[in-house]
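Everything on this sheet refers to the single structure shown next.
The values are calculated or read from the model by the stated rules, or taken from the named source; none is laboratory data. Only a predicted model underlies this, so the values are computations on that prediction, with no experimental measurement involved. Glycine also receives a Cβ, built like all others from the backbone with ideal geometry; neighbour counts cover every protein chain displayed. Ligands, DNA and RNA are stripped out before the accessible areas are found, and what is left, the full protein with its side chains, is counted by its heavy atoms. Shrake-Rupley method; radii C 1.70, N 1.55, O 1.52, S 1.80 Å.
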Amino acid sequence: MSEHRQKLTSRAEELRNQRASVTDQIKNVAAELWRDGLENVRELGRLTGLSRTTLYAALRERGIEPTARVAPDLGRMEQHLASIRAQAADANLTSEQRERLQQAIPKIEAQIAETRAAQPPADRDDEK
């Protein structure tokens, strides 16, 4: 094998390993987002760039059953919204990353409003 081919082969292997590491990190972020209350696989896919099939598998690998939903936790949803807002203000983001986060904000706000509206009146009074 030529020296040039050997260098290219080595570089390809290095990049393949980096890609696997980054993909695993993205899957971990998706699981954390889920645990923080973003229990919407489609939205997770938009934020992470992972397919729905990959997300379902990744969540299950991390002990999360995405089809077994529990009542949303408003506090966690509001913390997640605050975190997304803070991330969107980060000066180090690309315009595309900032735009994705900005697009997520009204959706999360709508989820919070829907969750509040769906709560029984007694639960809403406790919140105040």
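Quick rundown of the values:
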{"item": "Protein accessible area in the chain, 1.4 Å probe - carbon and sulfur %", "result": "49"}
{"item": "Size of electric dipole in the chain: Cβ of Lys, Arg +1 and of Asp, Glu -1, about Cα centre, debye, nearest 20", "result": "580"}
{"item": "Net lengthening on full extension, H4/D90 (0.36 nm per residue, minus Cα-Cα)", "result": "26.8 nm"}
{"item": "Radius, Kirkwood style, for the stretch 11-59 when every pair of distinct Cα atoms is counted (Å)", "result": "11.2"}
{"item": "At least 20 Å along the helix axis (C-alpha) and Kyte average at least 0.0, DSSP helices within the chain", "result": "none"}
{"item": "Of every Cα-Cα pair in the chain, the percent that sits beyond 16 Å", "result": "69"}
